[in-house]
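Heads up, the thing below is written out as C-alpha cells.
Any read-out appearing in this document is the output of simple, stated calculations on the displayed coordinates, not a laboratory observation. Just so we're clear, the structure is a prediction, and the values are computed from it rather than from any experiment. Methodologically, a virtual Cβ is constructed for each residue, glycine included, from the backbone with ideal geometry; neighbour enumeration extends over all protein chains shown.
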Amino acid sequence: MLPSDPSLPNDSNPPRDRPATAGWARAGWPLLASELQMLFGRRRTWAMLLVLAAVPVLIAVVVRLSSGPGTPGRGPAFLDRVTQNGLFVGVTGLVVSIPLFLPLTISVVAGDTIAGEGSLGTLRYLLVAPAGRVRLLLVKYAAALAFCIAATLAVAVPGAVVGVLLFPVGPVTLLSGDTIGVGASVLRLLLVAAYVMVSLVGLAAVGLFISTLTDVPVGAMAATIVLTVVSAVLDALPQVTWLHPWLFSHYWFDFADLLRQPVSWSSFGANAWLQAGYIAVFGALAYGRFASKDVLS
Amino acid sequence: MTRLWLRWLPAVVVPAVIAAGALAGSFQASAADNLPAKTPEQVLAMVGADTVRALSGTLEQTSELGLPQLPAGAPSSSADMASALDLLAAPHTARIYLDGPANARVQVMDQLAERDVIRHGNEVWTYSSKDNSVTHETLPAAGLKGKTAAATPQLQTPDQLAQRMLAALDASTTVTVGQDTSVAGRPAYALVLTPRSADTLVGSVSIAVDSQTGLPLSVAVQARGQEKPAFRLVFTDLVLQAPSADLFAFTPPPGAHITQRTRPQQADERPPGEPRAPGGNSGSATPAHTVSGQGWDTVIALPATAMPADLTASPLLGHAAQAVDGGRLISTSLVNVLLTNDGRIFAGSVPLARLQSAAAER
C-alpha cells in the first residue's frame, strides 16, 4: 500500500498488514523531510542565512580594522567585550540582529508556509495526499522552527568563528563584572543562542496563522513583520505597562540575564512560557482557519 | 456546518484557558493565609526581633508618582536629570545578596546592562557594565555595625526601609494589622501605618512582615486618591540562606576604568521619616534648611541660594513644573515641591495650599 493512496483512512486504525515503514510515513516524516528539503533547497533561504551571517562578520572586521578597543558604553552592547574574547562577536551579532533581521527572516519563512503553497496552486495536491490538514500544518510549523534554529545559528556560529580568527580568546567579563574562562563563555554563548531560538518560535506561530488567512505570501510576510514592529513599539510605551508581559517581543533582549553572575533563569522561564502560549493560541487559530478553509487553489 | 464550527473550538478554548490560568495565578498570589491573629504590638516586636542575617532574593521597585513618563530609551536633553528621574519613576529589578554585616551585593538589572554594588568587609566596589567602570572605596573600620550591611542608598531592602520608617513612628500614626498576605511565597502579616493628620498626601504605608522570621518583605506607600501604590518595594523571590561566598569577592575586570573614592567626613545618616527625599538634595553643599511642622505633614524649606541656576533653567524642569499662585509646582502623588518666584523651595508630603501658606509665612 502506497502512502499516497487516497483511499487510506485518515484516522488512527491502521490495517494489520501494513509494512513497518508505513508507520513512519503516517507520522508525516517523509512530508517533513521533503518540506525541509524544499525550504533549504531554496536560494531565498540561503540568501537570508548569508545576510544573517554577514552581520557578525561585518562587526568583527570593522572592530578589528578600527584602531584600539571600542569605547565602552558606545555602540551595541557587548561591542567592547569583543576584543577580550572573540566568541562574543556571536553575542554582539545576536544583539544587533534580534530587533529586525531575525524577525524579518522568520516572517518571510513563516508567512510563506501555507500562503506560498496556495499561491503556487500546490496546496490542493498536498491535501489530496492522505497527509491531512493537521499534519500538514504541523509539518509546515516544524519546518519554520527548523529555520528559527538555522537563522540563530547563522548569526552565532559564523560570529564565533570569525571572532576566534580575528581576536584573542580569553577570559571574558560578564555584565556583573565577574570574569569567566573560555569554556564557560562557550557555554554562555550556546545558552544565549538557545534563548534567541526560543524567543522566535512565537513569532513563527503568528506567521503560520497569518499565512492560513491568505493566498498572497507577500501579504502574510508583511503582516507578520508589521506585527513584530507593533509589538516592539508597544513594548517601549510605558502607558501600556499592563500589556508588556503579553507581547511576544517583551523578553527578546532579556537573554542578557544569561550573561549575569549567577545566571538569572527567571526570564528564560518566563520567555519559554510566553512563547508556548503564543504557539498554543495561534496554533489553535491556524487550525481553526485551515481546517475549515475551502481550498480551491 | 456544525463540524466546521467545531474546528474553531480550540481557538476559543485555548485563550480562555490561558486567561483563566492568568487570573487564577494572580488570585493565588494575593491569597490570604490563615495566620494566628496578632496585635500590632506583637508584629512590631517580631520586626524588632528579626534574626535574618543572610539572604538572597530578587527585589522589585515600582512607582506611580504621576511624573511625566518618557518612552524607554528616548533621548533626553539632560542626562543627569533624566537618570535621576528614571531611578524615581521607572520600575527596577534587582538581585540582592546579604551575608552578615560585612558582605552585601546588589545587582540592579537593566536591559542588556547591570549596575553592581559589592561590599566585602570594609571594601566597597561599584561596577557599571554600560561603560565598564569601577569605583573603589575603603570604609573606616567602625562602619561594621548593624545586622546586615546597607549596600546602597539608592536601592534598599524592604527591611532597611521599614526599619527606618518604624524608627520614626510616633503619635501621629495609627498602626493596625491588615489582612494577611503572601509575599514571595511566604505568608506574611500586613502592618498598616495610617497618618492621623488629614493634611498629608500619604494615604497609608503597608509593610508585609514575614510570619516566620519577622523580616519585612515589602513596603508599599499608598497615596490619597490613587488606587495603585505610589511606591512599592517588594521581594519577588527570597531564599533565607547564606549566598555563595565568591559572590562577594570582586576583582575589577581587565580593561575597566577604576576610580578611587574617599568618603567625605560627614554623618551619613539622613533624618528618618520621609523615606525618599525628592531631588536628592542631601549633598554636602546644601545650606541650612528649615523644617516646619512634624510627623507626616512636615514641610522642608530651602533658602534661595540652595538651587543651582542651571537646574532652574533646565527644560526638563520647565516641562515637569506647572505655574501656580506664588511660583511653580512640581506635583507627584506623594510629594509636592513648590519653587517660589524668589527662588525658595518648599517640599513636603502635603497639599499645595500648605506649601503656599508656609511660603507666605516669611
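Provide, for q = 0.13 Å⁻¹, the log10 of I(q)/I(0) from a solvent-free Debye sum over equal Cα point scatterers in region A:133-249.
Those come out to -0.73, one per q.
On a full-extension model of 0.36 nm per residue, what is the gain between B:Asp170 and B:His136, subtracting their alpha-carbon distance, rounded to one decimal in nm?
Here the answer is 8.4 nm.
Expected output is a single nm value to one decimal: the length gained when fully extending between B:Ala16 and B:Val239, i.e. 0.36 nm times separation in residues minus the C-alpha distance. What is it?
Stretched out fully, the B:Ala16 to B:Val239 stretch lengthens by 76.9 nm.
Only counting other Cβ atoms within 10 Å, I'd like A:Asp254, B:Asp131 sorted with the fewest neighbours first.
Ascending number of Cβ neighbours within 10 Å: B:Asp131, A:Asp254.
Calculate the spin-label point distance for A:Ala184 paired with A:Val240, positioning each point 7 Å from the Cα along the beta-carbon direction, and give it in nanometres.
So the label points at A:Val240 and A:Ala184 sit 4.0 nm apart.
Need one number: nm distance between label points at B:Thr290 and A:Phe40, each 7 Å from Cα along Cα→Cβ, rounded to one decimal.
Distance between the two pseudo-spin positions: 8.0 nm.
Starting at the first residue of region B:3-17, write each ³J(HN,Hα) from the Karplus equation 6.51 cos²θ - 1.76 cosθ + 1.60 with θ = phi - 60°, in whole Hz, x for Gly and Pro.
5, 4, 4, 4, 5, 7, 4, x, 5, 8, 5, 4, x, 4, 5
In nm, to one decimal, how far is the A:Ile149 label point from the B:Ser26 one, both placed 7 Å along Cα→Cβ?
3.7
Output ³J(HN,Hα) for region A:34-39: one whole-Hz value per residue in order, computed from phi by the Karplus curve 6.51 cos²θ - 1.76 cosθ + 1.60 with θ = phi - 60°, and x for Gly and Pro.
5, 5, 5, 4, 5, 4
For region A:28-291, place one equal point scatterer on every Cα, skip the solvent, and apply the Debye formula. What is log10 of I(q)/I(0) at q = 0.09 Å⁻¹?
Result of the Debye calculation: -0.44.
Could you compute how fast region B:155-248 diffuses translationally, taking Rh as the Kirkwood radius over C-alpha pairs and applying Stokes-Einstein at 25 °C with viscosity 0.890 mPa s? Give it in µm² per second.
Diffusion coefficient, whole number: 173 µm²/s.
Across the residues of B:5-12, average count of Cβ atoms on other protein chains within 10 Å?
Counting Cβ atoms of other protein chains within 10 Å of each residue's Cβ and averaging gives 6.
Over chain A, what is the relative contact order in whole percent, taking alpha-carbon pairs under 8 Å and six or more residues apart?
Normalised by residue count, the contact order of chain A is 23 percent.
Would you please classify the overall shape of region A:104-161 from the alpha carbon gyration tensor, given that a ≥ b ≥ c denote the square roots of the eigenvalues, rounded means a/c under 1.5, and beyond that prolate means a/b larger than b/c while oblate covers the rest?
The shape class here is prolate.
In what sequence do A:Ser34, A:Ser185, B:Ser56 fall when counting other Cβ within 10 Å, fewest first?
If I rank by nearby Cβ atoms, fewest first, I get A:Ser34, B:Ser56, A:Ser185.
Can you sort A:Trp265, B:Trp125 from fewest to most other Cβ atoms within 10 Å of each residue's own Cβ?
A:Trp265, B:Trp125
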